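Structure first, then comments.
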Amino acid sequence: MKGIVFTEFLDLVEDKFGLEMVDRIITASTLKSDGVYTAVGTYSFSEMLQLLEHLSENTGISIDNLLLVYAEHFFSVIEKSYPGLLATYKDPIEMISSIENHIHVEVRKIYPDAELPTFEVLDKTENSLVLIYKSSRAMHHFGLGLMNKTFEHFNSTAKIDLEKIKEDGTEVRFFIQRN
């Protein structure tokens, strides 16, 4: 997992819960990196999972809800760091439906060894989208948060439902309906 995901996560934890919480979750975890991350480094997903689990334990907030909040934060990082990518699109459904064939292609140019989820478009209309998310990391709520922020970015709203195809969350169907 790319280091930017870790550095931004710890920035969010510090911002929302304080530096003491960052120290607490790092200390409680068994991290090969010792909790020292660079944006361009690559680290084990198990480290992110430990940090999320310990943050959840310390705050009483579910991992899914923490991932939603983190995705909202991460979208702002995308807005600041890659405004040209967002400017390519004029519509949230167009943008979300192009994750696999455009956005992830661009991400791989910047981070060639990034392990990204896959998104398969099953059905698309002007106001709706059905996609399948697949990832061994089961971070579908991170994807959900990014989708919510995408609609917000375009001053639009949508009802987004998800259905776990696999109980462990490694395969999820998203149903998106623009309001």
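Summary of values
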{"item": "Of the criteria (1) part of a helix (DSSP H, G or I); (2) within 26 Å of Ile110 (Cα to Cα), which one Ser33 fails", "result": "(1)"}
{"item": "Options Val22, Val13; residue that is modelled with pLDDT of 95 or more, farther than 22 Å from Leu146 by Cα and in a helix (DSSP H, G or I)", "result": "Val22"}
{"item": "Pairs where the first residue, in the stretch 46-73, is at pLDDT 95 or above and the second is in a helix (DSSP H, G or I) and β-branched (Val, Ile, Thr), C-beta under 6 Å, 6+ apart", "result": "Leu51/Ile25; Leu52/Ile63; His54/Ile25; Leu55/Ile25; Ser56/Ile63"}
{"item": "Single residue of Leu10, Leu31, Leu52, Leu19 found to be out of contact with any His (no Cβ under 8 Å at 6 or more places or on another chain) and open to solvent by 60 Å² or more (accessible area, probe 1.4 Å)", "result": "Leu19"}
{"item": "Boolean, Glu94 is touching a strand residue (DSSP E or B) at 6+ places or on another chain (Cβ under 6 Å), over 24 Å from Glu47 (Cα atoms) and either open to solvent by less than 60 Å² (accessible area, probe 1.4 Å) or without any contact (Cβ under 8 Å) to a residue 24 or more places away in the chain (or both)", "result": "no"}
{"item": "Candidate set from the stretch 71-91 (those that are charged (D, E, K, R) and outside any helix (DSSP H, G or I)); member that is most open to solvent (accessible area, probe 1.4 Å)", "result": "Lys90"}
{"item": "Condition check for Leu66: in contact with a Phe, Trp or Tyr (Cβ under 8 Å, 6 or more places away or on another chain) and not in a loop (DSSP other than H, G, I, E, B)", "result": "no"}
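The values are calculated or read from the model by the stated rules, or taken from the named source; none is laboratory data. All of these numbers come straight from a predicted model, not from anything done at the bench. Every residue, glycine among them, receives a Cβ derived from its backbone with ideal geometry; neighbour counts consider all protein chains shown. Heads up: the accessible areas ignore ligands, DNA and RNA and are worked out on the full protein's heavy atoms, side chains in. Shrake-Rupley method; radii C 1.70, N 1.55, O 1.52, S 1.80 Å.
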